Structure formats: structure tokens, C-alpha cells
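The structure appears right after this line, and notes come after that.
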Amino acid sequence: MVSKTVDGDLLEREAHALEDLFNDAKPDYSPELEWFAMGLDHDTGEQSYVMECERYIDGDGIAALRVAGWEIQYIEAYHSELTDEIGVQIQVPVRGKVPDTGGAD
């Protein structure tokens with residue numbers, strides 16, 4: 001289990017590295033994953049990243065996150081009546097470490 005308090009700079013670097021892992025693995029035509037928000041399990045104190053894509057979540061991107069050791073806690077699609085767009089969110093637990101993306105952080 002990850003410490004309940006993770007340094008903000010580390011959170012940001014980890015989140016952006018997860019975006020890079022996903023986006024580097026997906027085909028060019030697939031929507032990019034973006035860090036949207038943070039989640040918190042009030043019972044355990046565990047933090048998670050809420051990431052989002054337009055239209056759908058690419059399977060190659062999900063596979064890249066899993067191979068790197070991050071589990072997907074949930075995937076949820078929603079329709080915005082205001083914008084008439086479909087969005088998809090995933091929740092990924094904070095591990096408190098920056099994954100190797102093969103490039104510079």
C-alpha cells in the first residue's frame with residue numbers, strides 16, 4: 001500500500017508519466033489520455049488519478065499501463081447533454097513512483 005500522503009511534485013510527475021505511457025502505446029488515431037482529477041477512498045485514504053479520453057479508451061494504452069504495473073480501478077463512460085459529447089474516465093491508483101516511459105521525465 002502506498003503512503004496516504006504523496007508529495008505533490010511526485011504526484012504530478014507520476015500522473016504525466018502515466019499519460020505518456022498510455023499515449024505512446026495507442027495508435028495515432030485514438031484519443032489521448034489526460035489527467036483530469038484526483039480521487040480519494042475515504043475509508044482507506046488511498047489516492048488515485050482520474051484520467052479521461054474523448055469517445056473511448058484505447059486497449060493498447062490500457063495494456064501499456066498494466067504491463068508497467070498499474071491496475072485500472074474502473075472505467076466509466078458518460079454523455080454530456082450540455083456538449084453532446086461522450087467522455088470516458090479511468091481511475092488508476094497512486095503508487096508514489098514514476099514509471100519508466102523510455103524518455104526523459
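The values are calculated or read from the model by the stated rules, or taken from the named source; none is laboratory data. Source: prediction; values computed, not measured. Positions of Cβ are generated from backbone atoms using ideal geometry, with glycine treated the same way; all protein chains shown enter the neighbour counts.
Taking segment 13-48 as the search range and keeping residues that are over 16 Å from Ala77 (Cα atoms) and in a strand (DSSP E or B), which one is farthest from the chain's Cα centre (by Cα)?
That would be Leu40.
Among the residues of segment 3-12, count how many are surrounded by fewer than 14 Cβ atoms within 10 Å (Cβ to Cβ) and either at pLDDT 95 or above or in a loop (DSSP other than H, G, I, E, B) (or both).
Total satisfying the criteria: 4.
When you go through (1) among the β-branched types (Val, Ile, Thr); (2) in a strand (DSSP E or B); (3) free of Cβ contacts under 8 Å to residues at least 24 places away in the same chain one by one for Ile90, which number turns out not to apply?
(3)
Does at least one position in segment 32-55 carry a residue that is within 24 Å of Asp100 (Cβ to Cβ) and β-branched (Val, Ile, Thr)?
There is at least one residue in segment 32-55 that is within 24 Å of Asp100 (Cβ to Cβ) and β-branched (Val, Ile, Thr).
When you look at Thr83, is it exposed (fewer than 12 other Cβ atoms within 10 Å of the Cβ), at pLDDT below 90, hydroxyl-bearing (Ser, Thr, Tyr) and not in a strand (DSSP E or B), yes or no?
It is true that Thr83 is exposed (fewer than 12 other Cβ atoms within 10 Å of the Cβ), at pLDDT below 90, hydroxyl-bearing (Ser, Thr, Tyr) and not in a strand (DSSP E or B).
Taking Arg55 as the residue in question, decide whether it is of a type outside the set (Asp, Glu), surrounded by 11 or more Cβ atoms within 10 Å (Cβ to Cβ) and in contact (Cβ under 8 Å) with a residue 60 or more places away in the chain.
In short, no.
What pairs can you find where one residue is in segment 13-30 and under 14 Å from Gly59 (Cβ atoms), the other is at pLDDT 95 or above and β-branched (Val, Ile, Thr), and their Cβ atoms are less than 8 Å apart, with a gap of 6+ or different chains?
From segment 13-30, the pairs are Phe22/Ile62.
Which one of the conditions (1) closer than 17 Å to Pro99 by Cα; (2) aliphatic (A, V, I, L, M); (3) without any contact (Cβ under 8 Å) to a residue 12 or more places away in the chain does Ala64 fail to meet, given that it meets all the rest?
Unmet for Ala64, out of (1) closer than 17 Å to Pro99 by Cα; (2) aliphatic (A, V, I, L, M); (3) without any contact (Cβ under 8 Å) to a residue 12 or more places away in the chain: (3).
Just give me the residues in segment 17-31 being surrounded by 15 or more Cβ atoms within 10 Å (Cβ to Cβ) and either among the hydrophobic types (A, V, I, L, M, F, W, C) or under 15 Å from Thr101 (Cα atoms) (or both), in sequence order.
Of all residues in segment 17-31, those surrounded by 15 or more Cβ atoms within 10 Å (Cβ to Cβ) come to 17-23, 25-26, 30-31.
Scanning segment 17-31 gives Ala17, Leu18, Glu19, Asp20, Leu21, Phe22, Asn23, Ala25, Lys26.
Just checking, how many residues over segment 64-94 are under 12 Å from the mean Cα position of the chain (by Cα) and not acidic (Asp, Glu)?
Residues meeting the conditions: 15.
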